[in-house]
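The values are calculated or read from the model by the stated rules, or taken from the named source; none is laboratory data. Since this is a predicted model, take the numbers as computed values, not measurements. Backbone-built Cβ (ideal geometry, glycine too); neighbour counts: all protein chains shown. Note: areas computed on protein heavy atoms with side chains; ligands, DNA, RNA excluded. Shrake-Rupley method; radii C 1.70, N 1.55, O 1.52, S 1.80 Å.
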Amino acid sequence: MDLVLSHRTQILYIADISFVIMYLEVVPGCLVLESGTRSGSLTTSLARAVAPTGHVHTFDFHEQRAASARDDFERTGLSSLISVRVRDIQGEGFPNEFAGLADAVFLDLPQPWLAIPSAEKMLKQYGTLCSFSPCVEQVQRSCETL
Ligand SMILES: C[S@@+](CC[C@H](N)C(=O)[O-])C[C@H]1O[C@@H](n2cnc3c(N)ncnc32)[C@H](O)[C@@H]1O
């Protein structure tokens, strides 16, 4: 028997999305930064929560995933609320143009602790950060960095 190992990224579902949006205190008018985008499952709900005057900037280093999410946002009429960019957030951090402007930052990355120093720079005073990780080791390293 062959053993096939595959690495598949997971998307967020409604129970977690509701929790994340409530604890991030995302309301109409907020500016939110997110990485990674993947399917845009969370991004879609974030966009609905910040509408009509806020904006979600979402970043993924995988060009095809970013392009596919961008297409979905256009099809669902959310593209005016969402900007999708290709960027290695663990390596480069978020763009400096958002420093001190974000009401909330959401991380769903394999090594989120690498992005936490940049996330801190992006947040407004009293802004909120959420890092979503499936493994306790990821949570421990993120907590140490925080
Ligand atoms: C678990 S998925 C995110 C799922 C997303 N929250 C959703 O609800 O659909 C993780 C994503 O992070 C992206 N990613 C991994 N490393 C990254 C990095 N260094 N910079 C930016 N994106 C990265 C992957 O390409 C993948 O799309």
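Is it fair to say H57 is under 19 Å from F94 (Cβ atoms) and open to solvent by 40 Å² or more (accessible area, probe 1.4 Å)?
Spelling it out, it is not the case that H57 is under 19 Å from F94 (Cβ atoms) and open to solvent by 40 Å² or more (accessible area, probe 1.4 Å).
Going through V86, V32, V20, V50 one at a time, which residue ends up being within 10 Å of the ligand (Cβ to nearest atom), among the hydrophobic types (A, V, I, L, M, F, W, C), modelled with pLDDT of 95 or more and surrounded by 16 or more Cβ atoms within 10 Å (Cβ to Cβ)? Full working, then the answer.
On the way: V86 fails: surrounded by 16 or more Cβ atoms within 10 Å (Cβ to Cβ); V32 fails: within 10 Å of the ligand (Cβ to nearest atom); V50 fails: within 10 Å of the ligand (Cβ to nearest atom).
Selected residue: V20, the only one of V86, V32, V20, V50 that is within 10 Å of the ligand (Cβ to nearest atom), among the hydrophobic types (A, V, I, L, M, F, W, C), modelled with pLDDT of 95 or more and surrounded by 16 or more Cβ atoms within 10 Å (Cβ to Cβ).
Report yes if some residue within segment 66-73 is near the ligand (Cβ under 9 Å from one of its atoms) and buried (at least 19 other Cβ atoms within 10 Å of the Cβ); otherwise report no. Steps first, please.
Kept after step one, since they are near the ligand (Cβ under 9 Å from one of its atoms), are these residues of segment 66-73: 66, 69.
Next, only the ones that are buried (at least 19 other Cβ atoms within 10 Å of the Cβ) stay: 66, 69.
Yes, some residue in segment 66-73 is near the ligand (Cβ under 9 Å from one of its atoms) and buried (at least 19 other Cβ atoms within 10 Å of the Cβ).
Checking S80 against (1) within 12 Å of the ligand (Cβ to nearest atom); (2) assigned to a loop (DSSP other than H, G, I, E, B), only one condition comes out false. Which one?
(1)
Name every residue in segment 58-73 that is more than 12 Å from T44 (Cβ to Cβ) and part of a helix (DSSP H, G or I), in order of residue number. So that I can check it myself, show each step before the final result.
Looking only at segment 58-73, we keep the residues that are more than 12 Å from T44 (Cβ to Cβ), and these are 59-68, 70-71.
Selection gives E63, Q64, R65, A66, A67, S68, R70, D71.
Quick check on S133: is it polar (S, T, N, Q) and not in a helix (DSSP H, G or I)?
yes
Restrict the check to segment 62-80 and report whether at least one residue is under 17 Å from D103 (Cα atoms) and of a type in the set (D, E).
Restricting attention to segment 62-80, the residues satisfying the condition of being under 17 Å from D103 (Cα atoms) are none.
No, every residue in segment 62-80 fails to be under 17 Å from D103 (Cα atoms) and of a type in the set (D, E).
Given the criterion part of a helix (DSSP H, G or I), away from the ligand (no atom under 16 Å from the Cβ) and open to solvent by 80 Å² or more (accessible area, probe 1.4 Å), identify the matching residue among E97, E25.
On the way: E25 fails: part of a helix (DSSP H, G or I).
Among E97, E25, only E97 is part of a helix (DSSP H, G or I), away from the ligand (no atom under 16 Å from the Cβ) and open to solvent by 80 Å² or more (accessible area, probe 1.4 Å).
Quick check, is F106 assigned to a loop (DSSP other than H, G, I, E, B), crowded, with 21+ Cβ neighbours inside 10 Å, at pLDDT 95 or above and within 14 Å of the ligand (Cβ to nearest atom)? Before the answer, list the steps.
Details: assigned to a loop (DSSP other than H, G, I, E, B): no; crowded, with 21+ Cβ neighbours inside 10 Å: yes; at pLDDT 95 or above: yes; within 14 Å of the ligand (Cβ to nearest atom): yes.
Considered against the rule, which asks whether it is assigned to a loop (DSSP other than H, G, I, E, B), crowded, with 21+ Cβ neighbours inside 10 Å, at pLDDT 95 or above and within 14 Å of the ligand (Cβ to nearest atom), F106 comes out as no.
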